[in-house]
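What follows is one structure encoded as structure tokens, with my remarks underneath.
The values are calculated or read from the model by the stated rules, or taken from the named source; none is laboratory data. All values derive from a computational prediction rather than experimental measurement. Positions of Cβ are backbone-derived with ideal geometry, glycine not excepted, and every protein chain shown enters the neighbour counts.
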Amino acid sequence: MSEARDTVGYSVDHGVVRIGIRNPPVNALVRDVRAALLAAFDRACSEESAVAILLSGEGPGFATGADLSESDGGADAPTMAALCARVEASPLPVVAALHGTVLGAGVELALAAHYRVADADTRIGFPEVRLGLMPSAGATQRLPRLVGAGAALDLMLSGRLFSMDAPPAEALADLVVAEDARAGAAQFVAALLEDGGAVRPTSGIRLGFADPKAYGHAVTQRREALAKAPELAPREIVAAVEAANLLPFEAGLAFEADAAQTCRVSAQSRALRAAFVAEHRARRLDLPADAPLPELTRIAVLGGGPLAVQLVFAALLCGLAVNWGTRDPAALREGVPRLRRLFDGFVRRGAMSEDDALDRLADLRIGDSAAMTGGVEVIVHAARGQGDVPAPDGIPRLSAVSGMVRQVGLRFAPPIHAARLIEVIVGPSASPEQIVAARALARALDKIPVRVHAPGETVAGRLMAACQRAADALVDLGQHPYDIDRALREWGWHRPPFLASDRRGLPDLAARPRAEGARNWCDVMVGHDRRGRAGGAGFYLWEGTPPVPSEDPGLTALLEAERPAARPLSPDQIRRLVFGAMANEGARMLASGMVLRPSDIDVVATLGLELPRWRGGPMHLVGVYGLLSVCRAMEGLDHPDKAFWTPQPVFGALIKNGRSFEAMNR
């Protein structure tokens, strides 16, 4: 007999109850699916003829986690923990057939089954830790019982995917088949029934506890490694895995539930979940959902110089073939050895093998610009003077060169091969095909694009300029640059304004205007022959090879000769003002249409300016501080740059309606 339900399939064949998860596209275990699975298990256990349960997922994978929105207010009943408890308590043996990508709650459901069969292509992972969360349906208690503390922590702390046919994940499977996990699971069930059909609750397994010394060592090792890390969730996962070996199973589940709740309501998790959603939203570049996205295999990079070298290197690393063309043969004669040195550095560090480096370099063609535009899907200009290079019709052209943008410009956060941000500058003459090409290139390079409407300026540039302008204002009012940088660095931002200015070079920033009565302190430093890192002294002293910064005792006297000192502001006051000023600049960008939503600004801040992702960008942060509190702090600042510190009208509108910038995201 058989019956089809909306989210769960149910059938009985010779006493084997087949329960199939049907929630495309990824079989997310949302509330309705959990309820349907619970009902299906209740029904199966009441079947007089039933002898076993085969649990599988229909479509491309077994199952994945629940809807992220459930993390905001807590999951509706039945919870994953309740579902997993019901599965494990089944009087009939439960065999889970795993295939595809199995994530989070999907892995927890599989762990609650009595046996697991997987095909060789199955990959599992616990991405929760990247969202400031931890497993909450028993994984921290069941997983160590199967594989021990070391392997369990490797699986749960990394957030990565692991193949079920290799350590550490292979220990979860009772059988790995070459293909077709459902067929393999059916054969496994038949063999199991022939052998008596015993249930085997994971909670009763002790294999992972067999070596208490190794178990304790693995816990201690991870705890020590995380001692100075700011993130909460990894530490809670370690504590829960330790508890698995110290507490009875039910007490361990209660420990896990309490720790998971602590993580869920934390500011860190709220920031990380907001960042995750913001990045996925930004990736669309506001193109129609059904816009076709081409798969790129070969691109052209036109132009020589450092930018071109970095672009070619990044593309080759990601598996793209590259045609590298210049009009100046000398640029290639200099650039190709530089490219090879970059690969050599990766090989020396063990980041890739010599054979891998040679394979990637084999995908590189070099020559004259005009000869390199054929057989590619996208052309990227990496130097000036390439715009008139002839190319086949229909090949989108994008420019990575700084300056005015008429069509579509790409602004990569440095270093290009490692940083994940591309600001896609959409100019007045941009075509839809170019924007689609920019999105396809971002996907091929594994980067997150943010759509920006501007003549050429970047969101990152404006945010950092606002940060430095705010920091200068605080120095005008008697604060010390080191106190300002320290307040931000100890909070978790390792690119605070004065340190960042020194690294860039103070002469580059000295010409930036300030309001009447305000000062540009980079200009003051340059006037005292302090030019930044390259000159050996700026706001900091720079000594050694490579030069490292240290605080200069003489800076205080220099400052006091230029302006009076004042009572120091608290670190929290400094942060509230600096991030308030950055959010105020973000509001200006929103008002002008330069960016479409506040979350795009936060993506740029975390990926481009390296604000801690677990803290969030400035638009998120002012919501954490409270918009009214931030407005009062800015309005109360007695500084001549009134226009800069006056909150933008959107602050008042949001405060009036009891909302934050999150409400403007769409």
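Across region 546-553, a minimum of one residue is classified as surrounded by fewer than 12 Cβ atoms within 10 Å (Cβ to Cβ), over 34 Å from the mean Cα position of the chain (by Cα), more than 22 Å from Trp645 (Cα to Cα) and at pLDDT below 95. What about Arg86, is it farther than 25 Å from Asp121 by Cα, touching a residue at least 40 places away in the same chain (Cβ under 8 Å) and buried (at least 22 other Cβ atoms within 10 Å of the Cβ)? In short, no.
Number of residues in region 623-666 that are within 23 Å of Ala282 (Cα to Cα), in contact (Cβ under 8 Å) with a residue 24 or more places away in the chain and outside any helix (DSSP H, G or I) equals 3. Total residues in region 453-472 satisfying the condition of being closer than 13 Å to Met582 by Cα and either of a type in the set (A, V, I, L, M, F, W, C) or surrounded by fewer than 18 Cβ atoms within 10 Å (Cβ to Cβ) (or both): the figure is 10.
Answer yes or no as to whether Pro201 is more than 14 Å from Val238 (Cα to Cα) and at pLDDT below 95. Talk me through it step by step, then tell me what you get.
Working: more than 14 Å from Val238 (Cα to Cα): yes; at pLDDT below 95: no.
Spelling it out, it is not the case that Pro201 is more than 14 Å from Val238 (Cα to Cα) and at pLDDT below 95.
Of the residues examined, Leu474 is one that is among the aliphatic types (A, V, I, L, M), under 19 Å from Ala518 (Cα atoms) and in a helix (DSSP H, G or I).
Might you let me know whether region 433-441 holds any residue that is farther than 22 Å from Pro294 by Cβ, surrounded by fewer than 24 Cβ atoms within 10 Å (Cβ to Cβ), touching a helix residue (DSSP H, G or I) at 6+ places or on another chain (Cβ under 8 Å) and at pLDDT 95 or above? Looking for residues that are farther than 22 Å from Pro294 by Cβ, surrounded by fewer than 24 Cβ atoms within 10 Å (Cβ to Cβ), touching a helix residue (DSSP H, G or I) at 6+ places or on another chain (Cβ under 8 Å) and at pLDDT 95 or above, one finds none in region 433-441, hence no. Summed over region 212-243, the residues that are surrounded by 14 or more Cβ atoms within 10 Å (Cβ to Cβ) and outside any helix (DSSP H, G or I) give a count of 2. Note on region 399-422: residues that are out of contact with any helix residue (DSSP H, G or I) (no Cβ under 6 Å at 6 or more places or on another chain) and either outside any loop (DSSP other than H, G, I, E, B) or surrounded by fewer than 17 Cβ atoms within 10 Å (Cβ to Cβ) (or both) total 13. Please determine whether any residue of region 387-398 is modelled with pLDDT under 95 and charged (D, E, K, R). Looking for residues that are modelled with pLDDT under 95 and charged (D, E, K, R), one finds at least one in region 387-398, hence yes. List the number of the failed condition for Arg588; all other conditions in (1) in a helix (DSSP H, G or I); (2) surrounded by fewer than 20 Cβ atoms within 10 Å (Cβ to Cβ); (3) in contact with a strand residue (DSSP E or B) (Cβ under 8 Å, 6 or more places away or on another chain) hold. The one condition Arg588 does not meet is (3). When you check Arg443 against the structure, is it closer than 18 Å to Ala605 by Cβ, outside any strand (DSSP E or B) and not assigned by TED's automatic domain parsing to the domain that holds Arg588, yes or no? No; evaluated as a whole, the condition is false for this residue. The set of residues from region 113-160 being at positive phi and assigned to a helix (DSSP H, G or I) comprises just one member, Gly148. Please find, within region 134-161, the residue that is farthest from Leu103 (Cα to Cα) out of those that are hydrophobic (A, V, I, L, M, F, W, C) and in contact with a Lys or Arg (Cβ under 6 Å, 6 or more places away or on another chain). Of everything passing the filter in region 134-161, Leu153 is farthest from Leu103 (Cα to Cα).
Considering (1) surrounded by 24 or more Cβ atoms within 10 Å (Cβ to Cβ); (2) closer than 14 Å to Ala44 by Cβ; (3) touching a His at 6+ places or on another chain (Cβ under 9 Å), the lone condition that Pro93 does not fulfil carries the number (1).
Checking each residue in region 621-645 for being closer than 18 Å to Leu463 by Cβ and not hydrophobic (A, V, I, L, M, F, W, C) picks out Gly623, Tyr625, Asp641.
Every residue, every condition in (1) at pLDDT 95 or above; (2) of a type in the set (S, T, N, Q); (3) touching a helix residue (DSSP H, G or I) at 6+ places or on another chain (Cβ under 6 Å); (4) assigned to a loop (DSSP other than H, G, I, E, B), yes or no:
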residue	(1), (2), (3), (4)
Ala254	yes, no, no, no
Gln261	yes, yes, no, no
Arg270	yes, no, no, no
Ala282	yes, no, yes, no
Pro288	no, no, no, yes
Pro292	no, no, no, yes
Phe313	yes, no, yes, no
